[in-house]
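The values are calculated or read from the model by the stated rules, or taken from the named source; none is laboratory data. Note that the structure is predicted; figures quoted are calculated from it, not measured. Please note: Cβ atoms are built from the backbone with ideal geometry, for glycine as well, and neighbour counts cover all protein chains shown. Please note that ligands, DNA and RNA were not included when accessible areas were found on the heavy atoms of the full protein model with its side chains. Shrake-Rupley method; radii C 1.70, N 1.55, O 1.52, S 1.80 Å.
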Amino acid sequence: MSTPKGSVLVVGGGIAGVQAALDLADSGFYVHLVEKSAAIGGSMSQLDKTFPTNDCSACILSPKLVECGRHLNINLLTLSEVLSVDGEEGDFQVRVRQNPRYVDPEKCIACGSCAEKCPKKVPNEFDMGLGKRKAIYLRYPQAVPLKYAIDPDHCIYLKKPGRCGFCEKVCPADAINFKDQPKEHLLNVGSVILALGFKPFDPSGLDFTGYGNLKNVVTSMEFERLLSPSGPCQGHMERPSDHQEPKKIAWLQCVGSRDINRACHGYCSSVCCMYAIKQAVIAREHSSSGAVDATVFYMDMRTHGKGFEAYYDRAREEGIKFHRARVHTVSPAENDNLKVRYAGENGDIREDEFDLVVLSVGLATDPQVIKLANDLGIELDSDSFARTTCLRPVETSRNGVFVCGALAEPKDIPQSVMEASAAALEAERILYPSRWTETKEKHFPKERDVHAEPPRIGVFVCSCGINIAGVVDVQAVTDYAWKLPGVVFAQNNLFTCSQDTINQMAETIKRERLNRVVVASCTPRTHEPLFQETLREAGINKYLFEMANIRDQDSWVHQRQPEAATEKAKDLVRMAVAKVRGDDPLPYNTVPVIKSAMVIGSGVAGLTAALSLADQGFPVTLVERKDRLGGHAHKFFRTWQGQEMQPYLSELVSMVEASDLIDVHLGTTVQDVSGSVGQFTSILTDGTEVKHGVAIVAVGAESFKPREGRWNYLYGKNPNVHTLLELDQRFIKDDPGLKGLNQAVFIHCVGSRVPERPYCSRVCCTHAIDQALHLKEMNPDMDIFMLYRDIRTYGKREHLYQEARAKGIIFIRYDLENLPRVSEENGSMVVKVRDPIIDASVTLHPDLLILASAVRPRDDVGGLSKLFKCAMTGDGFLLEAHMKLRPVDFATDGVYLAGLCHYPKPVEETIAQAKAAASRAGLVLSRDAVPAESITAVVNLQKCTGCAVCARVCAYHAVNMDENSGKAQVDTGLCKGCGACVAGCRSDAITLKNLGNEQIMAAVEAAMEDF
Amino acid sequence: MNDISKSKGAWEPKIIAFLCNWCSYAGADLAGVSRYQYPPSIRIVRVPCSGRVSPNLILDALRSGADGVLVSGCHPGDCHYISGNYYARRRFALLKRFLEFVGVEPDRVNFTWISASEGEQFAQVATEVTERVRKLGPATHLLKEF
Amino acid sequence: MSTVNEKITSEIREKVRELLASGHVAAFLGYTSGSVPMVMQPLIIRTPEDADRLEWNSFCVLNLANYLPALLKSFEPPRRPGDPPPEGPLPKVGVLATGCWSRNMVIQVQENQVDRDRVVVVGISSRGMVDRKKVLAAVGHRDVTAVYEYDHSLKVSGPGYEREINRWDVVRDNCRTCVHPDPVIFDHMIGDLKGERDVADRFRQVEDIEVLAPEDRWSWFSTEIASCIRCYACRNACPLCYCPTCFVDDSRPQWVGKSIDKADTAIFHILRAYHCAGRCTDCGSCESACPMGIKMRILTRKLQKDVLELYGAEAGMDMQSPPPLSTYKMDDPQDFILTESIKGEEK
């Protein structure tokens, strides 16, 4: 192949697409991000809270979207769709059609005057049609790009020109363009990533649910909007029929999932159990009485992710009811209430009445996406998800085209984010020779040294059209600013952020020799970077800048009090001037990068991560504590899709051994680690000193061996009792002893979901069922019994469960109160268990007893986590930086995790996570230096007592005590500038640059006094 | 000098609000974007994290003439800096009780959690805090006479 | 028949003589009687012969932990900033410690002010120390020339009078409500450990103020501190106040004014107490040191009560537990958060 292109097309602007785009753009590739709607954010932006942390979805998502929207190397194409992709891996030609927005994004200031005046109300798709928007609209308040769009299907003017056009008349920025035309873009890219997401299952066809006929039957996505503070009822949780707060709510699980008969969707949607529990928990929080009666009707409770089981346990403790029952019908009752008829586990029919019924609808592929996939030549599976395999989890059937997120299989946000990074990695692996060839870089002039100068402050007061000027007397504010101490220039602008004003501001800074700048306009959260860049263009340090928020936090919230708003604007300007006077130029900190990685652990995760980096030319030190590569995978027979592990593992191992870039240290562990991102130095037990820029921790986990105690079940006492991996080893050896057996019994959840190990081990249900099927392949007459608590064959794995049942494998449920009992009578095993369906005890006589025992964290993980200053969960697994959006990063920059040390997971997820970790590591390794925070803590040694409060409260281990002086010192490479140390210090000995006590006090005092 | 309006009849309270950049400041912005109206009494000071706000700063606000103080951060679990609001919660819990103990009126110093999506809640809190402070009248206990 | 304190004194002398003679410690920090009755002075001795100068009685109120860091430092070779710590073990120092002082030492160790390995703690379970001001009040503020201590009473005499006072009646307020008389760290023990004391209404003094209306609380507080001359004796007596630049002395930033101003005095007392939150062991040194008789102990007592109520923590009880303001629990109480309490009210 000739030199590949240095750019990538990402299709779909949901969280997966955004993550893939950011990973690629930050590691040297130019990205075209195509999004069908008017704003990126996808389904995640519609969610209220996210499980299991109850994080506010918008809060955690917005920063990523803003970053994406502003990124110099991401070309955001909204209202766009891909028409065709021709060519091949490394060199694709893509045609994209961009539909007209009818609003000039360069001019729109998102003031909302247009939408206020627009007479046409339209059901708001963002609120699932529960609320209304106008024909000119923002998809949601935090939309990126924050630009209005006209909906051509509903705009009166576009339908009948000359009829309306109010928006054009009121727009203060002259941004409306009714003549806007569709554009076609021809893109030449090296790789394509599909992140097209899912569409919630439409339950209209399922009569028994009453959806569509009964107003108070809503889908889970609709309920999400009812809970959201930005939703149609501002988070007050009202039911649709009468806008009353529901007091009694039912959730119906598996609507459009695990249902071959009515919904034609045999797969499990993976996320619905957790989101239903979350919604029940949040509904109780939202309700004014706090006493919502919440009931979840389910088949199996699938809380198989990290922190999920504990969330489920807590929900039950809090009084949320869970009924293992299938609902027959939902029918109308009095007062718009709903009668739910359901069958209990033992078959008896019961009835209960609810105010609101939420259908936990599954995830399905949008028919338009199916069409696009067909057009692009991407194979889909029988469930219409992109076809991938366990060993190549993000690769589609077309070379150079990758997939991530729910398009490949229903999955939750962290799994989607992981796959997004993994897909980015696959693209990087192909395109790495062309890194930084198509990216753009911004250059700034040398900065003027202003240290010796007295403050010369310039104040720019924005009218924002009439958004500010319509309420605040901007001229009075500008005149006032002139009088403030240190101010040598003040000016009022119509739109301070418009390109011509920005250019003029840069000129003014130079002409007036300003050394401090205040802009009184909108919010720094969206506009600070723009103005700071202007300072740099004018040759002064960008930290000599403050904003006074006189729009979002003044004119917009005091619309009927112009005088008070004007006084407040003066106060805010005075505060900003007082603050900026004390601002110092700060260094643009960077840390040079040692372009090599250390990978700890050589299981599938470690091997995959090491190869993924070496493939891009980065040297890797691979540290393995045992004396051979491969880890637990040596004991693993096959994936649930049937790919055998041993040939795959041998290939991985031989590739690693053959690589010149991978330096393998067997029988070795890490003894000591120092330094931080870009500059780590590690000492290995074999005496080697390794300098590396990043580290990936992939030390795996262990299988729980119940040698004694409650979960023993004759393990270690009877030779025919095995753990799953022990049976796999007999499969690998093709042990003939397995062929003549009459009966096998599997006991699930051995040591998982129990008080001493409260988490679900995630892999065992699928693994056990696959083993049972393999036993059946070997001997179709064998009787096989599965003693289980909940079957958790999530996603497409559900098909295995269906196959097992079809092949006559018997499933008997047990619970913790009635554990199976295993004994030996006359040399043979006897298993007794109570079957809750027939309500009787069953006695079995297996020749083989398989214990699906827990995956447990390794004991030495704690030591490793201390070395890298990483956190651990209460269960003993390693804790990522953020459970939702940073699933492979640690809070410590430059350290990543993959595989089972994070949480139990099957091989396909392990591979994806290892690739994701390699992608994240690539963000650092692809650069000569990485940026570090500029607003960092700084210690005044004269005042420091060495008491270490600062070090104790620092979440980033950025502050430590100097061994010699005994005083605090800050590692600026680690410091994030949060200021927890500053507030904790009694001695005022540690402070934040430009956010010291003196400066905050200056602003506070300025708020009170008039000069 | 201290807010001349105090000597006149129409007294309007001045309240210093320390808002964390990532959640509460964003919530205050959203209140604006959504045009929720609240009294013009709040002066917002943007800080990186509620964990940055020391008791000293709160006392300094009162000493400088604030009639009330509001500190708001991300909801527990949402902190952009992992744990800043948890430390802040302990500091503030003790400070609030302690200030009340020495006779500072309970409604003078207020703490809230407001997320980036809670624009309406921010407006409600701003209104509520203003009303509470208005009822108390000007703060004098810790006011420094310059 | 000797009294308890006489017995303790002789045991202290014996133990200290042994520690110094064996070279185990280079110096010992204890008490000796001063020139004025009822005022005991801290004493540092360096030879076994001097052990007989040590004394123990109910007036040992100045917290010895306050002197410990400087004493330890005096045995370190001089160093310039940036010099590595001296090699080899440094001399050890012995010190007497009751419950509260030992807890201060735990905090000093946690806060890196004291190296536990260099301190030999000789523990004494406290019987409660006597408040000199209470004794003076009991004799009508007449001159006191001699005080003789029995186990349960004090014989106080002065020009033209002699009075026997019940000891417990004049024990300091902090000691009367103390539940931890035993040292929590010690290397040698004088006498036996007594175990926790059962104290009814431990925080009664605080509760009596809590029930007042806000304006009455303010009136109590402002009256109490009205006589403050900002001499900072309370701060200086406190083993936890060791900042090189105290916030009251700082000019950048200037947290409080330097002159005596009502607001500044109030903020001084509020912040001084707050800085002791989760650290104060109610040793009472601050109050004992105040020349104006200001009862500022109740301020730290209030914080102590709240830290216990809210976080189940008591200062310095355990070397391994992080200081309460340097740690947190996910489910720490948050009723005071307005948005939470509004939610709570609605429920």
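Key figures
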| quantity | calculated |
| --- | --- |
| Selection status of B:Asp107, among the charged types (D, E, K, R), surrounded by fewer than 23 Cβ atoms within 10 Å (Cβ to Cβ) and more than 30 Å from A:Tyr137 (Cα to Cα) | yes |
| Within region C:75-91, considering residues that are open to solvent by 100 Å² or more (accessible area, probe 1.4 Å) and of a type outside the set (D, E, K, R), the one farthest from C:Asp115 (Cα to Cα) | C:Pro81 |
| Output for region C:18-32, where each listed residue is buried (at least 18 other Cβ atoms within 10 Å of the Cβ) and under 23 Å from C:Val61 (Cα atoms) | C:Ala27, C:Phe28, C:Leu29, C:Gly30, C:Tyr31 |
| Residue selected from region A:199-225 under the condition in a helix (DSSP H, G or I) and either under 22 Å from the mean Cα position of the chain (by Cα) or within 14 Å of chain B (Cβ to nearest Cβ) (or both), by the criterion farthest from A:Leu130 (Cα to Cα) | A:Ser220 |
| Every pair of residues 6+ apart whose Cβ atoms lie under 7 Å, when the first sits in region A:987-998 and is without any contact (Cβ under 8 Å) to a residue 40 or more places away in the chain while the second is open to solvent by 10 Å² or more (accessible area, probe 1.4 Å) and not in a loop (DSSP other than H, G, I, E, B) | A:Asn997/A:Thr991; A:Asn997/B:Asn56 |
| Of residues in region C:319-334 being exposed (fewer than 14 other Cβ atoms within 10 Å of the Cβ) and more than 11 Å from chain B (Cβ to nearest Cβ), the one farthest from C:Thr177 (Cα to Cα) | C:Gln320 |
| Condition met for A:Asn216 (open to solvent by less than 10 Å² (accessible area, probe 1.4 Å) and either touching a Ser or Thr at 6+ places or on another chain (Cβ under 7 Å) or assigned by TED's automatic domain parsing to the domain that holds A:Ala427 (or both)) | yes |
| Those residues of region A:1-34 which are open to solvent by less than 20 Å² (accessible area, probe 1.4 Å), part of a loop (DSSP other than H, G, I, E, B) and not polar (S, T, N, Q), in sequence order | A:Pro4, A:Gly6, A:Gly12, A:Gly13, A:Gly14, A:Gly28, A:Phe29 |
| Top-ranked residue of region A:952-967 - restricted to ones that are out of contact with any Ser or Thr (no Cβ under 9 Å at 6 or more places or on another chain) and crowded, with 21+ Cβ neighbours inside 10 Å, ranked as farthest from A:Gly693 (Cα to Cα) | A:Cys954 |
| Enumeration of residues in region A:103-120 that are assigned to a loop (DSSP other than H, G, I, E, B) and either of a type in the set (A, V, I, L, M) or assigned by TED's automatic domain parsing to the domain that holds A:Val189 (or both) | A:Ile109, A:Ala110 |
| Criterion violated by C:Glu287 - all others in (1) within 13 Å of chain A (Cβ to nearest Cβ); (2) under 11 Å from the mean Cα position of the chain (by Cα); (3) touching a residue at least 60 places away in the same chain (Cβ under 8 Å) satisfied | (1) |
| Which numbered condition A:Val599 misses (of (1) in contact with a helix residue (DSSP H, G or I) (Cβ under 6 Å, 6 or more places away or on another chain); (2) outside any strand (DSSP E or B); (3) not acidic (Asp, Glu)) | (2) |
| Qualifying residue in region A:152-160 (condition: touching a Ser or Thr at 6+ places or on another chain (Cβ under 7 Å) and open to solvent by 30 Å² or more (accessible area, probe 1.4 Å)) | no |
| Every pair of residues 6+ apart whose Cβ atoms lie under 7 Å, when the first sits in region A:171-189 and is of a type in the set (S, T, N, Q) while the second is in a loop (DSSP other than H, G, I, E, B) | A:Asn177/A:Tyr102; A:Asn177/A:Asp104; A:Gln181/A:Pro100; A:Asn188/A:Lys5 |
| Scan of region C:62-100 for residues that are part of a loop (DSSP other than H, G, I, E, B), in contact (Cβ under 8 Å) with a residue 24 or more places away in the chain and within 14 Å of chain A (Cβ to nearest Cβ), ordered by number | C:Leu90 |
| Breaking point among (1) in contact (Cβ under 8 Å) with a residue 12 or more places away in the chain; (2) assigned to a loop (DSSP other than H, G, I, E, B); (3) more than 9 Å from chain B (Cβ to nearest Cβ); (4) surrounded by fewer than 21 Cβ atoms within 10 Å (Cβ to Cβ), for A:Val938 | (2) |
| Wholly within region A:466-577, strands (runs of 3 or more DSSP E) carrying at least 2 residues that are modelled with pLDDT of 95 or more and more than 14 Å from chain B (Cβ to nearest Cβ) | A:487-493, A:516-521 |
| Residues located in region B:31-42, provided they are within 7 Å of chain A (Cβ to nearest Cβ) and open to solvent by 10 Å² or more (accessible area, probe 1.4 Å) | B:Val33, B:Ser34, B:Arg35, B:Tyr36, B:Gln37, B:Pro40 |
| Of all residues making up region B:92-123, the number that are of a type in the set (Lys, Arg) and in contact with a helix residue (DSSP H, G or I) (Cβ under 6 Å, 6 or more places away or on another chain) | 1 |
| Some residue of region A:972-982 being open to solvent by 30 Å² or more (accessible area, probe 1.4 Å) and either more than 9 Å from chain B (Cβ to nearest Cβ) or of a type in the set (Phe, Trp, Tyr) (or both) | yes |
| Of the criteria (1) surrounded by fewer than 23 Cβ atoms within 10 Å (Cβ to Cβ); (2) not in a loop (DSSP other than H, G, I, E, B), which one A:Lys626 fails | (2) |
| Residue within region A:83-99 that is open to solvent by less than 20 Å² (accessible area, probe 1.4 Å), in a loop (DSSP other than H, G, I, E, B) and touching a strand residue (DSSP E or B) at 6+ places or on another chain (Cβ under 8 Å) present | yes |
| Which numbered condition A:Leu79 misses (of (1) free of Cβ contacts under 8 Å to residues at least 60 places away in the same chain; (2) out of contact with any Phe, Trp or Tyr (no Cβ under 8 Å at 6 or more places or on another chain)) | (1) |
| Residue among C:Lys302, C:Lys262 that is basic (Lys, Arg), at the interface with another protein chain (Cβ under 10 Å from one of its Cβ atoms) and either surrounded by 20 or more Cβ atoms within 10 Å (Cβ to Cβ) or free of Cβ contacts under 8 Å to residues at least 12 places away in the same chain (or both) | C:Lys302 |
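Every residue, every condition in (1) open to solvent by less than 20 Å² (accessible area, probe 1.4 Å); (2) within 28 Å of A:Thr991 (Cβ to Cβ); (3) more than 11 Å from chain C (Cβ to nearest Cβ), yes or no:
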| residue | (1), (2), (3) |
| --- | --- |
| B:Pro55 | yes, yes, no |
| B:Cys74 | yes, yes, yes |
| B:Gly103 | yes, no, no |
| B:Ala116 | yes, yes, yes |
| B:Glu128 | no, no, no |
| B:Arg134 | no, no, yes |
| B:Ala139 | yes, yes, no |
| B:Leu142 | yes, yes, no |
